[in-house]
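Nothing in this text is a laboratory measurement; each read-out follows from the coordinates by a stated rule. Since the structure is predicted, the reported quantities are computational estimates derived from the model, not experimental observations. Virtual Cβ from ideal backbone geometry, glycine too; neighbours counted across all protein chains shown.
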Amino acid sequence: MVRETERAIGMREATSSAAMDKPGEVTDLEARARRVETPCGDGVIIWRIWGEGDPLVLGHGAQGDWTHWIRNIAALAEDRMVIVPDIPGNGESAMPPTADHAGTSAMLAAGLKQILGDRLPADLMGFSFGGVCLCQLAGRHPEVARRVIIIGSGGLDTPIGTLDIASIRGLEGEVRQQRLKANLLGLMLHNEDSVDDFAIWQLVTNSRK
């Protein structure tokens with residue numbers, strides 16, 4: 001489903017070599033993380049961990065990775081252990097054994113048990129696609145979840161409204177930039193001021209993974 005959405009919107013064609021340059025705020029925060037790998041299908045799940053205290057697991061949005069939470073991690077890690085996976089099939093993480101919620105949940109649960117052991121259960125917080133995945137995880141593996149916080153997730157009988165999403169294939173320059181901004185506002189952001197250069201970098205970078 002995620003891959004189909006990616007093709008429909010035409011995100012891959014948005015990428016240029018300049019868009020792949022990692023912003024300094026990403027490299028700085030990533031350098032302060034503990035990076036952990038746990039088994040997932042034919043590869044691994046990549047987890048990044050900051051801080052100490054009660055564990056809090058964050059789930060990112062569709063076609064994303066840990067950087068979706070980059071503006072929140074430092075504040076949350078002041079008094080929590082913040083654990084952010086690239087959800088299986090996204091970012092740097094491999095596909096789960098089965099491309100469904102059961103397969104994804106099983107790999108996330110196994111990874112959390114390896115990372116946290118007797119410190120489980122943990123608080124889970126996800127937005128959009130990440131909220132759906134973490135709800136599935138809690139429902140299928142309740143032993144890992146103390147509570148679940150969901151932010152802007154679909155499938156909850158909330159009105160969808162009108163979405164302005166279209167392909168950017170063949171677009172260039174300012175026209176291409178404006179279509180990328182419109183797609184972000186249609187997909188996951190409400191405030192136009194949030195659609196800055198970093199948000200666009202995330203969108204085009206993650207669509208290549």
May I ask you to evaluate 6.51 cos²θ - 1.76 cosθ + 1.60, the Karplus curve with θ = phi - 60°, for each residue of the range 76-85 and list the ³J(HN,Hα) values in order in whole Hz, giving x for glycine and proline? 5, 6, 5, 9, 9, 8, 9, 10, 10, x
Based on the alpha-carbon gyration tensor of the range 24-88, what equivalent-ellipsoid semi-axes (square roots of 5 times the eigenvalues) come out, in whole Å, largest first? 19, 14, 11
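Would you mind putting 137-145, 22-30 in packing order, based on average other-beta-carbon counts within 10 Å, highest first? The partial results should precede the final answer.
Details: 137-145: 17.4, 22-30: 13.2.
Those peptides, ordered most packed to least, come out 137-145, 22-30.
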